[in-house]
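Enquirer: Dumping the structure here so I can ask a few things about it.
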Amino acid sequence: MILDSKIPEGPLSEKWTNYKTNQKLVNPANKRKLDIIVVGTGLAGASAAASLGALGFNVDIFCIQDSPRRAHSIAAQGGINAAKNYQNDGDSVERLFRDTIKGGDYRAREANVYRLAEVSGDIIDQCVAQGVPFARDYGGLLDNRSFGGAQVSRTFYARGQTGQQLLLGAYGALSREINRGTVKLHTRSEMEELVLVKNNDGVECARGIIVRNLVSGKLERYSAHAVVIATGGYGNVYYLSTNAMNSNGSAAWICHRKGAFFANPCYVQIHPTCIPVHGDYQSKLTLMSESLRNDGRIWVPKKIEDSEAIRAGQKKANDIAEEDRDYYLERRYPAFGNLVPRDVASRAAKERCDAGYGVGPTGLAVFLDFSDAIKRLGINVVKQKYGNLFQMYQKITDENPYETPMMIYPAVHYTMGGLWVDYELQTTIPGLFAAGEANFSDHGANRLGASALMQGLADGYFVLPYTLQNYLSNQITIGHITTDTPEFDEAERSVLEREERLMNIKGDKTVDFFHKELGHIMWEKVGMSRNEASLTEAATMIDELEKEFWQSVNVPGTIESFNPEMEKALRLADYFELARLITADALHRKESCGGHFRTESQTEEGETKRDDENFMYVAAWEYQGHSKPETLHKEELNYEHIKIATRNYKN
Amino acid sequence: MNFKLHIWRQENAKTKGRFETYKVRDISPDCSFLEMLDILNEQIISENSKSGNQNSKFPIAHPVCFDNDCREGICGMCGLYINGRPHGNDDGVTTCQLHMRKFKDGDEIWIEPWRAKPFPVICDLVVDRSAFDKIIQSGGYVSVTTGGVPDANSIPIPKRHADMAMDAAECIGCGACVAACKNASAMLFVGAKVSHLALLPQGQVEASERVKKMVCKMDELGFGSCTNTYACEAECPKQIKRQNIARLNREWICQIFGGNHKPQD
Ligand SMILES: Cc1cc2nc3c(=O)[nH]c(=O)nc-3n(C[C@H](O)[C@H](O)[C@H](O)COP(=O)(O)OP(=O)(O)OC[C@H]3O[C@@H](n4cnc5c(N)ncnc54)[C@H](O)[C@@H]3O)c2cc1C
Ligand code: SF4
Ligand code: FES
């Protein structure tokens, strides 16, 4: 199968306008006859549903949590990028586009990224109109900060709670549509199956979903003319990550099983600034926002004896003299210093810790120091900028970051991979669209900070409302779709069978036991650095663990009840398959790029070494049945506009 | 550290609940409260799988249900009534941010769901807070549709007002204020949203309508009235201030008698 990315004609800067000018529309009277399912109420899902509802479509929206406002997007801290150039520091659409392509290590599709940069400014306008209280300067205008991988200040923020405020804005817009009756909300509802129905030409199209009502445990059926997956990322396949507990990869994986291609699964982002792991009972890792790298300086001791003394508790950070500190990011990357992209910063931390210079009780931590900033700006300014992050740190670690440096270590944070989508955000299944972190589209092999919020809202507010219409324009005559068909019967039966199978194992180990084991394998062997040996080993270990899971997991309670263990078991069952695909993808991609670091492919200085000749493509995988090797399809990346270069953050 | 836990168990909304007692041992002081409950649940499942769910020392075979998601104090999903305090005995934190180092070794801990009529129990410690969503749906937003809005910097907003709006907007919708209030009033929650939007020029246009709709909805859903005891403010994990209730009242009066909506401190 040839992957058609449907990139519009014309010069890069005119593609989106051309698309919009020539696309098909649906007239207002007909919009009322069309149903759309949106799965997920994060930035991508909420903004899409609100916009589509406002246009007049009938939307059903689903989420796992008890309220749409609690989607994982709420936790985003640092900010959202937009090429407004309010700071007059040389920013532009072109520059945001270039930074994003470069940050993604030349593994993203030009046309998509350009469109993202193009609509970024509209997002800020939209959010301000909704009443999002972005930070402002004393003149009353919007304030900006800088994030990794950029030399301009283009990041808009609302204290350390940008995601919360943006999501509450989208949630407000969504609530308004619910009130107007255009959107129906289904909370505590988890999608468990995708329903495909053949159209008149015999092509299978997405026509509905099967949902587990998490309160009653009963299965429910919903039909629609199109389905949007906005279910977030799959970082929790690593068990410990900065994602929320309910974040999961199942909805995307379910679609993959039904034929949607999965792209670049091995591109996983490891965030450099998280609170280090402290015990095996730990359930998640907490991010300390990247914005802290604006003012915090990262270091470890220069002398290994000092690191040893700190680990043993004989010395403290403040005992190390200035000249004995190694500000290794400033040393290695003078041009970007502490603000190098995440993958670079993470690997540099790992390199120092592996070499024995790490601090903290486990040796797996580096310092993030604010003493210079406090001296330079005064404690009050620092408090104003980062107060809530400092408080969060103190609550968790019981240490005061105003007095002693924070300790941080990289942790799994974001997944660039996801459902393969074309320019219209449509997957390889007609009528099935994917938005936000759930798709693979814009970040290549590494996402820049503050760009996920931008992408989620771009997809939902400004892309899907157009591209979905283009698809729906020829669905008008279909009429309402009944759920009383063999296709829905079959889909529901398959979910029930899966639940029964899990329930009947009655083994002696908990779901979390297996999830932790899987996470351990993934982190050690498919984590920050990978190689042929570690990946081959991981593949076998995942198979064995999966087998054991299906023999000895224990899911207590009953199927038809409020049963969080059942929810977790269903998700974990999919994670095994996903883990296998991540590993296979990482194994096949013999180059290093962005967040994917193959130790076999590095420069003398230990930087990633791309292989553009052989790997300048998107790897889109096609499911072939449980535990069967998947088929690889390549979407070649053609860079017509940008000059390809080695990523260089040194000078 | 070792603890004796008295936990509210209730199968579903229709059944009657009761306290069950559990013991947990060797808990690290760095463990969070919810991680401590994870450990208990792992024990319940393992124990019951071994004893085939019979004669187990845990009379209720399924683990303790509690809501949670972000586990870093921002989603507002968690919320337990711990030893008589919503979110437990620490200030400015949610349940997921509470750490066991805040307790003493050997402590007995009483764990209950939010108790308020508009928040019926779903299972054990999980309650239904959809009433909050309904209040927001009644008007807790600015009525703009996507696109066609002015440039973000076209209306300067005094930093002081933007900051005050942000203070109010930090509410996470956890419901602790309602659980803390003897009247189960939602005034702090509603006041926070009303203030957040009324403090910004974008929200001022609909300020009168908004306050009317939200307050009526709140009454309709069975939340009680505010008698100014401010237990809500004391227990709010985001330290939302009572001034937001005053602002709500001012907006309420404005919408009856007319008056300007210019933000005041
Ligand atoms: C701690 C943290 C901080 C971050 N900070 C930033 C930042 O400063 N800037 C930035 O740009 N990005 C940041 N990110 C990344 C960014 O927050 C996410 O990538 C983005 O919010 C994802 O949004 P989304 O809409 O795609 O999905 P999510 O917000 O994850 O929403 C997923 C939705 O899908 C629902 N769902 C999932 N599965 C199912 C199912 N099977 N059935 C029904 N519903 C389902 C969930 O209930 C939820 O409503 C951060 C991420 C983390 C973890
Ligand atoms: S006002 Fe405070 S206690 Fe009430 S819902 Fe908001 S954050 Fe929770
Ligand atoms: S779990 Fe999100 S606030 Fe506690």
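Enquirer: When you check B:Val127 against the structure, is it more than 16 Å from ligand 1 (Cβ to nearest atom) and either farther than 27 Å from B:Asp26 by Cβ or of a type in the set (S, T, N, Q) (or both), yes or no?
Expert: Considered against the rule, which asks whether it is more than 16 Å from ligand 1 (Cβ to nearest atom) and either farther than 27 Å from B:Asp26 by Cβ or of a type in the set (S, T, N, Q) (or both), B:Val127 comes out as yes.
Enquirer: Would you pick out the residues in segment B:156-179 that are more than 16 Å from ligand 3 (Cβ to nearest atom), open to solvent by 10 Å² or more (accessible area, probe 1.4 Å) and more than 7 Å from chain A (Cβ to nearest Cβ)?
Expert: Matches in segment B:156-179: B:Arg160, B:His161, B:Asp163, B:Met164, B:Asp167.
Enquirer: Here's something else I'd like to know. Quick one: which residue in B:Asp38, B:Asp67, B:Asp91 is open to solvent by 10 Å² or more (accessible area, probe 1.4 Å) and touching a strand residue (DSSP E or B) at 6+ places or on another chain (Cβ under 8 Å)?
Expert: Of B:Asp38, B:Asp67, B:Asp91, the one residue that is open to solvent by 10 Å² or more (accessible area, probe 1.4 Å) and touching a strand residue (DSSP E or B) at 6+ places or on another chain (Cβ under 8 Å) is B:Asp67.
Enquirer: Scan segment A:399-413 and give yes if some residue there is in a helix (DSSP H, G or I), open to solvent by 40 Å² or more (accessible area, probe 1.4 Å) and at negative phi, otherwise no.
Expert: no
Enquirer: A further question follows. Within segment B:197-214, count every residue that is within 11 Å of chain A (Cβ to nearest Cβ), surrounded by 24 or more Cβ atoms within 10 Å (Cβ to Cβ) and of a type in the set (Val, Ile, Thr).
Expert: 0
Enquirer: Can you find a residue in segment A:74-86 that is open to solvent by 10 Å² or more (accessible area, probe 1.4 Å), within 13 Å of ligand 1 (Cβ to nearest atom), part of a helix (DSSP H, G or I) and out of contact with any Pro (no Cβ under 7 Å at 6 or more places or on another chain)?
Expert: Checked segment A:74-86: at least one residue is open to solvent by 10 Å² or more (accessible area, probe 1.4 Å), within 13 Å of ligand 1 (Cβ to nearest atom), part of a helix (DSSP H, G or I) and out of contact with any Pro (no Cβ under 7 Å at 6 or more places or on another chain).
Enquirer: In segment A:11-72, which helices (runs of 4 or more DSSP H) lie fully inside it and hold 2 or more residues that are touching a residue at least 40 places away in the same chain (Cβ under 8 Å), within 11 Å of ligand 1 (Cβ to nearest atom) and closer than 19 Å to A:Tyr222 by Cβ?
Expert: It comes to A:43-55.
Enquirer: Then there's this: For B:Gly88, are the conditions met, namely being in contact with a Pro (Cβ under 7 Å, 6 or more places away or on another chain) and farther than 30 Å from A:Asn504 by Cβ?
Expert: Judged against the criteria, B:Gly88 is not a match.
Enquirer: If A:Asp324 meets every condition in (1) within 14 Å of chain B (Cβ to nearest Cβ); (2) open to solvent by 10 Å² or more (accessible area, probe 1.4 Å) apart from one, which number is that one?
Expert: (1)
Enquirer: A follow-up question, please. Would you say A:Leu472 is crowded, with 24+ Cβ neighbours inside 10 Å and within 14 Å of chain B (Cβ to nearest Cβ)?
Expert: No; evaluated as a whole, the condition is false for this residue.
Enquirer: Whether any residue in segment B:48-62 is aromatic (Phe, Trp, Tyr) and away from ligand 3 (no atom under 14 Å from the Cβ) is what I want to check.
Expert: For segment B:48-62, residues aromatic (Phe, Trp, Tyr) and away from ligand 3 (no atom under 14 Å from the Cβ): present.
Enquirer: Name the residue that is surrounded by the fewest Cβ atoms within 10 Å (Cβ to Cβ), counting only residues in segment B:215-258 that are away from every other protein chain (no Cβ under 14 Å) and within 16 Å of ligand 3 (Cβ to nearest atom).
Expert: B:Glu235
Enquirer: Further question on the same structure: Cβ-Cβ distance below 6 Å, separation of 6 or more or different chains: which pairs start in segment A:461-479 with a residue that is assigned to a loop (DSSP other than H, G, I, E, B) and end on one that is open to solvent by 10 Å² or more (accessible area, probe 1.4 Å)?
Expert: A:Ser473/A:Lys24
Enquirer: Looking at (1) within 16 Å of ligand 2 (Cβ to nearest atom); (2) open to solvent by less than 10 Å² (accessible area, probe 1.4 Å); (3) more than 10 Å from chain A (Cβ to nearest Cβ), which is the one condition that is false for B:Ala116?
Expert: Evaluating B:Ala116 over (1) within 16 Å of ligand 2 (Cβ to nearest atom); (2) open to solvent by less than 10 Å² (accessible area, probe 1.4 Å); (3) more than 10 Å from chain A (Cβ to nearest Cβ) leaves (2) as the failure.
Enquirer: How do the strands (runs of 3 or more DSSP E) wholly within segment A:113-221 filter down when requiring 1 or more residues that are at pLDDT below 95 and of a type outside the set (Asp, Glu): which remain?
Expert: Those strands (runs of 3 or more DSSP E) do not exist here; none qualify.
The values are calculated or read from the model by the stated rules, or taken from the named source; none is laboratory data. Everything quoted here is computed from the prediction, not taken from an experiment. Using ideal geometry, Cβ is built from the backbone for each residue, glycine included, and neighbour counts are taken over all protein chains shown. Ligands, DNA and RNA are stripped out before the accessible areas are found, and what is left, the full protein with its side chains, is counted by its heavy atoms. Shrake-Rupley method; radii C 1.70, N 1.55, O 1.52, S 1.80 Å.
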